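Here is the structure we will look at.
The values are calculated or read from the model by the stated rules, or taken from the named source; none is laboratory data. On a predicted model such as this, the values are computed, not experimentally measured, just so you know. Methodologically, a virtual Cβ is constructed for each residue, glycine included, from the backbone with ideal geometry; neighbour enumeration extends over all protein chains shown.
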């Protein structure tokens, strides 16, 4: 039962004077004193005492402890000695006087009783603030000090700290709550006697505005001892002094058809004023050009009138006020029909009544994988475009053509959102014509013998002075590739126009050209000319029209067998071996850098020497770049590299060729790099059931974490798998479906992530990997 509550209902401190309280107050009992005395009885107090004695009652009433009155009685002196003590001075008494907050029991002993020389003071704290109570005890013998709140014992915990050092008694609560409100008593006991002092603690609620409301608010009392020990805040206590922004509603990732309206609405609450900022890829969005932002005190809406491809990206809203910041983000994808195929369709292997047509996929698939390609044909007789066929690959054997007319072709990509626009038209071609030497006529007639040249970068002439710049073949962050026709010889080349604004960028291109001057080999792409301008450098390279090796493998007309894989691996090792003999490492061997010379044969060339480095006379060389899926562990760990670094990449390529699976590809680049550094891979998938043990052994000896344990190029040529005679080898077909899935997944992951530079940053013992596009 809460006795304090009953007593408060009987007394009206606001309407009675101090004298009236002395005379008219009903007789009240301090139950703590009664319990502490355990039935002891003393003489009646003198007539001058402040309280009246009841028959058979000896306890005096402490009105301040009952009413929570902060005023001291006029008859009380500084030492807490009451008038009752003064009137009975000189007499031996045994009385408990709860007056002035001090309770002393006199005993006939040689040592002095404990006494509080500095008493507790009434305290008012705000909800959530630190509460600290302190008093000073003087005692000649060790004292046992206890604290109580409204008569309930307080025990120390991680929330409550009780200390007694050198007589300085203190109680500290880190964050005061309404449950901590009430009367605190500090009691000290020795063999000579005991004493105590008390104070009233109010936990102020900022939501209560007037002092009268604060005084009249009834303090809450813990209902159990555990609640007195551990002060837990209410589970759903709202901030009273202000709160940071809280996001109530925000959309998930969105897919919107091109041309449709995009509306991103965020609803929020929090202490005003709140500023709202919309960002795209962490940069503030500027209104205009179909983009508008409307914000109120509780919402902000970003509107795009017509969603287009350039609006794709990560959108973030940032809400800020004086109490904090909140953010939310989503990915917006604008889906559409695919873009046209990237390059001009090329005709090759022209026969008496047929040819092979090949092309490249679109630069953007519209947000959905390309499902098929629609071929269209134009003839010089019909003079109109007609549907030819539909296929799933990037090449097609055209048959039943007539020799007395010319043909042109174009291609459209198809996804689930529709059929895209057509590609550029192919060059006119005529079947059934014989060239000199009995060879079939090709659109791009080229010498079989390689044309090796030592290139010096020209600054006195421009590329257009010596070459005709024709169709654009492709583009990327590095620049753009165009078809070039040499004016003097009519030979067809590829012109790589590289953006180079700074001196460092130009020096990197010069270094690549210098490396290629030392790499004259049939399995390596050749640089035959170079031009330097104010903002770019143009490299004239071999025209390679067969496309990427992996694209060739999944072609409908290609039969993938382990025997074919051996042919490709022999050529790759041959090219890399020549590079290593020249004291150079490639450092970026991957499927995109292995190109087929044409669509029908099996000859390949290695391209892209932008990351190549010389090892001779370089000492201990460390690099921080590469493609995560194919990079070796020593590169990620920033350790010294060697020729064996390229051999690791060869092992990864071989693993993918025979199985259509990637040994290290994860769901993201961090997971991929983690797999590489731990060198975790296996042959457990059913795809390897069809693969020979010699092939598995070859791969195992390349994918060694220890560089010194990996095969060299010369050792690869001597390995039983590559050394065997393939003419009598069983031509067992390998599944191309896994390869198709791998290529689709890789294309998706490659979007905007062509070649990455890898940096390491150590923080608190953890390693973080960062990437930036080159």
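Structure notes:
- The number of residues in the range 697-729 that are part of a helix (DSSP H, G or I) and either more than 42 Å from the chain's Cα centre (by Cα) or surrounded by fewer than 16 Cβ atoms within 10 Å (Cβ to Cβ) (or both) comes to 11.
- When the criteria are applied in full, residue 375 meets the requirement of being out of contact with any helix residue (DSSP H, G or I) (no Cβ under 6 Å at 6 or more places or on another chain), modelled with pLDDT of 90 or more and outside the structural domain of residue 473 (by TED's automatic domain parsing).
- One residue alone among 404, 387 is farther than 19 Å from residue 551 by Cβ, without any contact (Cβ under 8 Å) to a residue 40 or more places away in the chain, outside any strand (DSSP E or B) and in the same structural domain as residue 350 (by TED's automatic domain parsing), and that residue is 404.
- Being more than 46 Å from the chain's Cα centre (by Cα), assigned to a loop (DSSP other than H, G, I, E, B), under 14 Å from residue 198 (Cβ atoms) and touching a residue at least 24 places away in the same chain (Cβ under 8 Å) is a property that residue 121 has.
- Residues satisfying the criterion are present in the range 358-366 (criterion: at pLDDT below 90, under 36 Å from the mean Cα position of the chain (by Cα) and either over 27 Å from residue 483 (Cβ atoms) or outside any loop (DSSP other than H, G, I, E, B) (or both)).
- Among the residues of the range 454-481, those that are under 16 Å from residue 535 (Cβ atoms) and without any contact (Cβ under 8 Å) to a residue 24 or more places away in the chain comprise 464, 480.
- Residue within the range 445-467 that is closer than 26 Å to residue 396 by Cα, at pLDDT below 90 and in a strand (DSSP E or B) present: no
- Residue under evaluation residue 676, criteria (1) outside any loop (DSSP other than H, G, I, E, B); (2) touching a residue at least 60 places away in the same chain (Cβ under 8 Å); (3) within 16 Å of residue 707 (Cβ to Cβ), criterion not met: (2)
- Residue in the range 390-399 that is surrounded by fewer than 19 Cβ atoms within 10 Å (Cβ to Cβ), over 46 Å from the mean Cα position of the chain (by Cα) and either modelled with pLDDT of 90 or more or within 23 Å of residue 546 (Cβ to Cβ) (or both) present: yes
- The single condition among (1) touching a helix residue (DSSP H, G or I) at 6+ places or on another chain (Cβ under 8 Å); (2) under 27 Å from residue 474 (Cβ atoms); (3) outside any loop (DSSP other than H, G, I, E, B) that residue 652 does not meet is (1).
- Residue match in the range 709-730 (condition: out of contact with any helix residue (DSSP H, G or I) (no Cβ under 6 Å at 6 or more places or on another chain), at pLDDT 75 or above and within 30 Å of residue 508 (Cα to Cα)): yes
- The condition (being out of contact with any helix residue (DSSP H, G or I) (no Cβ under 8 Å at 6 or more places or on another chain) and farther than 19 Å from residue 736 by Cα) is satisfied by just one residue among 680, 645: 680.
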